[in-house]
1. Restricting attention to region 143-152, which residues are within 16 Å of ligand 1 (Cβ to nearest atom) and free of Cβ contacts under 8 Å to residues at least 40 places away in the same chain?
2. When residues of region 94-104 are filtered for being at pLDDT below 90 and not acidic (Asp, Glu), how many remain?
3. Are any residues in region 86-142 within 18 Å of the chain's Cα centre (by Cα), open to solvent by 70 Å² or more (accessible area, probe 1.4 Å) and within 16 Å of ligand 1 (Cβ to nearest atom), and if so, which ones?
4. Among the residues of region 16-63, which ones are more than 15 Å from residue 77 (Cα to Cα), open to solvent by 30 Å² or more (accessible area, probe 1.4 Å) and of a type in the set (Ser, Thr, Tyr)?
5. Every residue in region 51-88 that is under 24 Å from residue 19 (Cβ atoms), in contact with a Leu (Cβ under 8 Å, 6 or more places away or on another chain) and not aliphatic (A, V, I, L, M), please.
6. Of the residues that make up region 32-54, is at least one in the same structural domain as residue 92 (by TED's automatic domain parsing), of a type in the set (Ser, Thr, Tyr) and in contact with a Pro (Cβ under 7 Å, 6 or more places away or on another chain)?
7. With the checklist (1) within 16 Å of ligand 2 (Cβ to nearest atom); (2) open to solvent by 50 Å² or more (accessible area, probe 1.4 Å); (3) at pLDDT 95 or above in hand, flag the one item residue 78 doesn't pass.
8. So which pairs qualify, if the first residue must be in region 115-138 and under 15 Å from residue 36 (Cβ atoms), the second must be more than 16 Å from ligand 2 (Cβ to nearest atom) and basic (Lys, Arg), the Cβ gap must be under 9 Å, and the two must be at least 6 apart or on different chains?
Amino acid sequence: MLYNLTDIFSSEGKEETLTTAYESEQVIIHSETYPICECSPLTLTLTNKAKGEVLLQGEISLVCEIPCGRCLKPVRVPLELKLEESLKESMIGTPEAADEMSFVAGYELDTDALVGNEILINWPMKVLCHEDCKGICTVCGKDLNEGDCGCDTFVPDPRMAVIKDIFNA
Ligand SMILES: [Zn+2]
Ligand SMILES: [Zn+2]
């Protein structure tokens, strides 16, 4: 949703709480698409700290489907996001705002952009279906968690080959 900040910026001591849905069913990172399977409503509290200064705090929890880094099986990964941003009226329209308040356009707070931004910051670097996932066979593509495939994945070490030659000479 879009929330107009004009009033909260100018009303000293004011606190506003709002609840809204995050209107997105997927996360796109480096042109990969990851489905969002579950999503709680976003709760936001906006507190006027001084004239032109607002503290934004919020919470949302999501479950995203991310493929295991080794076997590619989809893994449901929960993301518990806690948001905290300091909004400054004096920054609106300045070049710094594009970096630090990219989710504010004019006086409009874009809650979807806010959450999208936070998802990217908290996106897990590495996802595994379980810690000792064996991955997939590089020869036949079988999921090695379901058993051995019997492929010969032995890569001869060239240095060993030299030693073997010496012994055979
Ligand atoms: Zn796996
Ligand atoms: Zn194999």
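1. 146, 147, 148, 149
2. So the count comes out to 3.
3. Listed by number, the residues that qualify are 125, 126.
4. Hits for region 16-63 are 17, 19, 22, 24, 31, 43, 45.
5. 53, 57, 58, 59, 61, 64, 78, 84, 85, 86, listed by residue number.
6. no
7. Condition not satisfied by residue 78: (1).
8. Short answer, once both residue conditions are applied: 118/82.
The values are calculated or read from the model by the stated rules, or taken from the named source; none is laboratory data. From a predicted model like this one, the values you see are computed outputs, not experimental measurements. Every residue, glycine among them, receives a Cβ derived from its backbone with ideal geometry; neighbour counts consider all protein chains shown. For accessibility, only protein heavy atoms count, side chains too; no ligands or nucleic acids. Shrake-Rupley method; radii C 1.70, N 1.55, O 1.52, S 1.80 Å.
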